[in-house]
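What follows is a single structure, written as structure tokens, with notes after it.
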Amino acid sequence: MKRGNTEDCSLRPAVRNHELAAPGWGTLVALPALVGLLAAFLSQDILGMLSVSGLIAAGALFVWRPGMVAWRVRPSSAVSLALAGLAAFIFGGALGGTILTAALAASVGYARIGPTLRQEDAHLFLIPVLMGAFVAVGVGVLFLVSGTGLRDTIRADIALQIGMSVEAVRTATGMLFGSRSEMGAFATWIAERPGPFLMGSLLATQTIIGYLGLRWVRTRIGWLHPIWGNMLLFRVRVRFAPILIVALLFFVLSPYVAGVDLAAMGAPLVFWFAAGCFLAGVACAVHTVARFRLAQRTTVANVYLAVLAVMLFFAPHAFVIVGLVDIWFDLRRLTPKKGET
């Protein structure tokens, strides 16, 4: 065995035996996300409901998982599911109810697909795909069955909420960067295209919250892989790199395609991919802390952890870069090389 991989080979049994447990990120995010969900319900904030809809899917999976897995829903579960959908339409309005009902449907799809996925990055990228598909179907059905008046009301509601959020993005950008002459290239792009930035932020938030919520449920019901389910080893694999490649192609081709803002289409994909890279970057950092603790270097580990906590607030993009580099360079050496065991 080569010397370069010794630390990681000694770390994997520790992960398997639960001697080095990753932080309970699902538990940490649950309370503030539930508060946000309640606030979204009371204010009928459609974008807020979308951002935390993954928690609805997680809650449904936790409550109805026996029937979902076996494709059988017990009478009591059917009644509670119907009551949940009815409450969603009463408190969230037609569009909010559709979004939250789509989240319940996404949890059913996830119950069938989730247990077959071995790697955590597949779970992370699957959740928004399911949510997007069911929301699109639900909104389409809503428009088909509703009258002209309701359709106009829904369109006006969507336009109003997106307009308010876009204006908030513009205001925040101005407060952070001052006049347009003081803005960097990224800030200028945000000021000119607040809509794509808003949708990208929403997609990234929904991806992370939904993944952590469903991960918390999978921890409770035993659906985590004994080794790769540990967050210390979370990694975005090369097979998901086409998401970034397609997004970059949109940006490159945007100046040459008239009438279509391809850059605006690519921005949400960049944010979506960045969400996975962010978690991978944090996992790389926590992995280093675990190695220090495994080597009985507790003081160094605590200092390193304190620095990481500060970086989470002041330089979160650094974790995105680390996670992106880890895709191709395997910073934790998780993939054995030829000749290694």
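The values are calculated or read from the model by the stated rules, or taken from the named source; none is laboratory data. Values in this document were obtained by computation on a predicted structure and should not be read as measured data. Neighbour counts run over all protein chains shown; Cβ positions are idealised from the backbone, glycine included.
The set of residues from the stretch 304-316 being loosely packed, with under 13 Cβ neighbours inside 10 Å and assigned to a helix (DSSP H, G or I) comprises Ala306, Val307, Ala309, Val310, Phe313, Phe314. For first residues located in the stretch 288-300 and under 18 Å from Leu233 (Cβ atoms), partners that are among the acidic types (Asp, Glu) and part of a helix (DSSP H, G or I) and lie 6+ apart or on another chain with Cβ distances below 7 Å form the pairs Arg291/Glu7.
When we screen Gly213, Gly281 for residues that are crowded, with 20+ Cβ neighbours inside 10 Å and in the same structural domain as Ala318 (by TED's automatic domain parsing), the only hit is Gly281.
This table checks each residue for (1) surrounded by 20 or more Cβ atoms within 10 Å (Cβ to Cβ); (2) outside the structural domain of Leu324 (by TED's automatic domain parsing); (3) modelled with pLDDT under 70.
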position	(1), (2), (3)
Phe143	no, yes, no
Gly147	no, yes, yes
Asp152	no, yes, no
Ile162	no, yes, yes
Ala172	no, yes, yes
Pro194	yes, yes, no
Thr207	yes, yes, no
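May I ask you to list the residues in the stretch 257-271 that are of a type in the set (Val, Ile, Thr) and farther than 18 Å from Ile243 by Cα? Across the stretch 257-271, the qualifying residues are Val257, Val260. Selection of the stretch 218-232 for residues being in a loop (DSSP other than H, G, I, E, B) and more than 14 Å from Leu61 (Cβ to Cβ) yields His225, Pro226, Ile227, Trp228, Gly229, Asn230. With respect to being surrounded by fewer than 20 Cβ atoms within 10 Å (Cβ to Cβ) and without any contact (Cβ under 8 Å) to a residue 40 or more places away in the chain, Val238 falls outside the description. For the stretch 42-124, list the helices (runs of 4 or more DSSP H) that sit wholly inside it and hold at least 2 residues that are farther than 17 Å from Ile221 by Cβ and at pLDDT below 75; which are they? Here the list reads 46-51, 75-113. Annotation note: of Val260, Val246, the sole residue that is outside the structural domain of Met199 (by TED's automatic domain parsing) and surrounded by fewer than 13 Cβ atoms within 10 Å (Cβ to Cβ) is Val260.
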